[in-house]
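See structure below.
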Amino acid sequence: MGVLDVVTWDAAEFAYLRPVAEAPCALCGRVFPVGLLVAAHIKRRAVCDDDERNDLRNVAMLACSFGCDRLFELGHITVDDDGAVLVASTGGSLDPHLEHLKGRVTDAFHERSAGYFRWHRRTVFRGRTGGSVGGIR
């Protein structure tokens, strides 16, 4: 797959995930114009098989470009088996923003996305996990 294939796939992905002018961020819940939302992969696209890459409704979610997408990508936040946001405390200046997200239940979590969130929690999340609940809730 070349660079153009990735760009084309991303364009199709955005067309599916952004059918309206405004939508909520799946992580913080705030509503933004679609230009300020990104298609955030719950399981990183690079490690998805073909079936997972095509499972857009479950492997991706809309996240805002005001921090939620990057916090999720870097593993500062994840989602537990109940759909609640978990945070990895940094002990620093990032913690007040993480506190705002902690425990918020996301609509992006459901039966078909649960495995992708589990992958993220086990592979990317910087906090501790134990059983179905981890980090600081």
Can you compute the modelled spin-label distance between THR123 and VAL105, with each label point 7 Å from Cα toward Cβ, in nm? 2.7
Once the dipole of segment 3-128 is set up with Lys and Arg at +1 and Asp and Glu at -1 on Cβ about the Cα centre, which of HIS76, TYR116, SER93 lies farthest towards its positive end? SER93
Of the trypsin sites (Lys or Arg not before Pro) in segment 18-48, those whose Cβ has at most 15 other Cβ within 10 Å and which sit in DSSP loop: ARG30, ARG44
Derived scalar couplings ³J(HN,Hα) [segment 44-52; Karplus, 6.51 cos²θ - 1.76 cosθ + 1.60; whole Hz; x for Gly, Pro]: 4, 4, 4, 9, 7, 7, 4, 4, 5
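Exactly which trypsin sites (Lys or Arg not before Pro) in segment 70-131 are in a DSSP loop and have at most 12 other Cβ atoms within 10 Å?
Details: sites: ARG70, LYS102, ARG104, ARG112, ARG118, ARG121, ARG122, ARG126, ARG128; in loops: LYS102, ARG104, ARG112, ARG126, ARG128.
Passing both the DSSP loop test and the Cβ count: ARG112, ARG128.
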Percent of all alpha-carbon pairs of segment 42-125 at distances over 21 Å, whole number, is 24
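Every read-out reported here was derived from the displayed coordinates using simple, explicitly stated rules and does not represent laboratory data. Nothing here was measured: the structure is a model prediction, and the numbers come from that model. Quick reminder, even Gly has a Cβ in these numbers, built from the backbone with ideal geometry, and neighbours come from all protein chains shown.
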